[in-house]
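K.L.:
Got a structure for you, written out below as structure tokens; questions coming shortly.
Just so it is clear, none of the values below were taken in a lab; they were calculated from the coordinates. As the structure is a prediction and not an experimental result, all values here were calculated from the model. Quick reminder, even Gly has a Cβ in these numbers, built from the backbone with ideal geometry, and neighbours come from all protein chains shown.
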Amino acid sequence: MSDSLQRLLQLQERDLVADQLRHRKATLPERAALTERKAAISALDAERADVAARLADTERVQKRLEDEVASVAAKRDAENTRLYSGSITSPRELQALQEEIDALARRQRELEDGLLEVMETAEPLAADVVSLDARRVALAGEVDSLGAAIAEAERVIDGELAEVASDRDGIAADLSTELLATYDKLRARLGGVAVARLEGTQCLGCHLSLPATEVDAIRHAAPDAVVMHEECGRILVR
């Protein structure tokens, strides 16, 4: 085997290592976890928006009822003041005023009952908002942690890639431009593996056995000759 083919095998090895590192970088398990957490946050935000909207509607109803209760209570107090002020002496007017006060009292009780129901509806909604906010804070913390873990993993992998690239550059410098061009073209076409050893009669690139006549021809070729496997198209290294 010629030195150039030996160097080509070394180049292939470095490129495969680089491919594996890039794949590892792209498929870090933390990436999938980060995507899940971000999706969970989006779902949580949508749920919170719905709950918060219902809570806001309930609080508006509550505020309206509170205002009505205050208004009726104020009117009732004013009428009670008139009743006992001594300014009204007519029994008929006093009776009418008492009936008005009683009606206001009934209206106040109705409003207060409705207000209680609304408050009972608002309480769990408010609790849900607090719970959802707490869950979001926890998820956001996980997102930050995962982002930091990804950044650290990428830093380590990028360092390894830089070392591999440096080794590759040194190996590529020993190869002819023509051989490198052929190698790069084959790598692009053959899933990253352009060079394969011939072990016995088997191509270790595609694991097919070569006919005896083809093997014999390859073995009798010049040591520095670039021979190809007719089936898979890879460069064979004896």
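K.L.:
Using only Cα atoms and rounding to the nearest 10 degrees, what angle (0 to 90) does helix 177-189 make with the longest principal axis of the chain?
P.N.:
Rounded to the nearest ten degrees, it is 50.
K.L.:
Same structure, new question: Is the shape of region 1-93 rounded, prolate or oblate, going by the alpha carbon gyration tensor and its root eigenvalues a ≥ b ≥ c, with a/c under 1.5 for rounded and a/b larger than b/c for prolate? Mind showing how you got there, number by number?
P.N.:
On the way: a/c = 15.64, a/b = 11.27, b/c = 1.39.
Prolate, because a/c is 1.5 or more and a/b exceeds b/c.
K.L.:
Then there's this: Among 23, 207, 220, which one shows the highest mean-square fluctuation when the chain is modelled as a Gaussian network with alpha-carbon springs under 10 Å?
P.N.:
220
K.L.:
Counting only DSSP beta bridges with both residues in the chain, tell me the antiparallel percent, nearest 5.
P.N.:
Values: 5 of 8 bridges.
For the chain, the DSSP antiparallel bridge percentage is about 60.
K.L.:
So, one more: For region 178-237, what's the relative contact order in percent, using C-alpha pairs closer than 8 Å and at least 6 residues apart? Kindly include the intermediate steps, with their values, before the conclusion.
P.N.:
On the way: 61 pairs, mean separation 19.6, N = 60.
Reported as a whole number, the value is 33 percent.
K.L.:
Only Cα pairs within less than 10 Å get springs; with that Gaussian network setup on the chain, which residue of 60, 37, 168 has the largest fluctuation?
P.N.:
60
K.L.:
Whole angstrom only: what separates the Cα centroid of region 71-141 from the Cα centroid of region 206-238?
P.N.:
Computed from Cα coordinates, the inter-centre distance equals 96 Å.
K.L.:
Let me make sure I get this right: for the chain, a, b and c are the square roots of the gyration tensor eigenvalues over alpha carbons, sorted descending. Under 1.5 in a/c it's rounded, otherwise prolate if a/b > b/c, else oblate. Which is it? Before the final figure, lay out each step's value.
P.N.:
Details: a/c = 8.59, a/b = 5.54, b/c = 1.55.
It is prolate, given that a/c is not under 1.5 and a/b is the larger ratio.
K.L.:
Okay, next question. Counting GluC sites (Glu not before Pro) as exposed when in a DSSP loop with at most 14 other beta carbons within 10 Å, what is the longest stretch of the chain free of them? Don't skip to the answer; put the middle values down first.
P.N.:
Details: sites that count: 230, 231.
Maximal segment without exposed cleavage sites: 1-229.
K.L.:
Hey, another quick one. Please work out whether region 178-237 counts as rounded, prolate or oblate from its C-alpha gyration tensor, where a ≥ b ≥ c are the square roots of the eigenvalues and a/c under 1.5 means rounded, while otherwise a/b larger than b/c means prolate and anything else oblate? Present the calculation step by step, with values, prior to reporting the outcome.
P.N.:
Working: a/c = 2.46, a/b = 1.37, b/c = 1.80.
Oblate, because a/c is 1.5 or more while a/b does not exceed b/c.
K.L.:
Also: Please give the calculated 222 nm ellipticity per residue for the chain, where each DSSP H segment of at least 4 residues contributes -39500 (n - 2.57) and the sum is spread over every residue; nearest 500 deg cm²/dmol? Could the numbers behind the result be given before it?
P.N.:
Numbers: 5 runs with 182 residues, N = 238.
The helix contribution divided over the chain gives -28000 deg cm²/dmol.
K.L.:
Select from 95, 115, 65 the residue farthest towards the positive end of the dipole of region 26-173; place +1 on Cβ of Lys and Arg, -1 on Cβ of Asp and Glu, and compute about the Cα centre.
P.N.:
Selected residue: 95.
K.L.:
Residue 54: net charge of surrounding residues, Cβ under 12 Å, Lys/Arg +1, Asp/Glu -1, itself excluded? All intermediate terms of the calculation are to be shown ahead of the outcome.
P.N.:
Values: positive: 48, 60; negative: 47, 50, 57, 59, 128.
In short, -3.
K.L.:
With a Cα-only, solvent-free Debye model of region 93-205, what are the log10 I(q)/I(0) values at q = 0.14, 0.17 Å⁻¹?
P.N.:
Values, matching the q order: -0.89, -1.03.
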